[in-house]
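The values are calculated or read from the model by the stated rules, or taken from the named source; none is laboratory data. Every value quoted in this text rests on a predicted model; they were computed, and no experiment measured them. Positions of Cβ are generated from backbone atoms using ideal geometry, with glycine treated the same way; all protein chains shown enter the neighbour counts.
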Amino acid sequence: MPLAAEISANSHRPETLHSNGIIKVPVGSQSQQMRQSLSLPEHGQSMDEVRKMLGNASQTETIGEPPITRWYYPEQQLTVYFEGKRVLRSVIQNIAENR
């Protein structure tokens, strides 16, 4: 059975795995160590600045109006979202560790 993730805004404990397969991760604690070790694109940076910082993304996709574009960097486990040609948000994927 695949694991489902549930984010709990009121929890201050580290992530916990429950018997029903749900992992609860407190908001704000996702990938803290990885966030500190990477230089992440910041809100408002241009696509050219991100490309100079991280290189070409392995996958890109654009949808909607205004255009929202997603650049995926698998080696860094990083996704960068743009609105138009400016960074909206950088997201590090949480990889479940074997326990």
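Of the strands (runs of 3 or more DSSP E) lying entirely inside region 47-86, not one carries at least 1 residues that are of a type in the set (G, A, S). If you take the residues of region 21-46 that are in a loop (DSSP other than H, G, I, E, B) and modelled with pLDDT of 70 or more, which of them is nearest to Q93 (Cα to Cα)? Among those residues, the one meeting the criterion is L40. Within region 68-84, the set of residues being surrounded by fewer than 15 Cβ atoms within 10 Å (Cβ to Cβ) and modelled with pLDDT under 95 comprises P74, E75.
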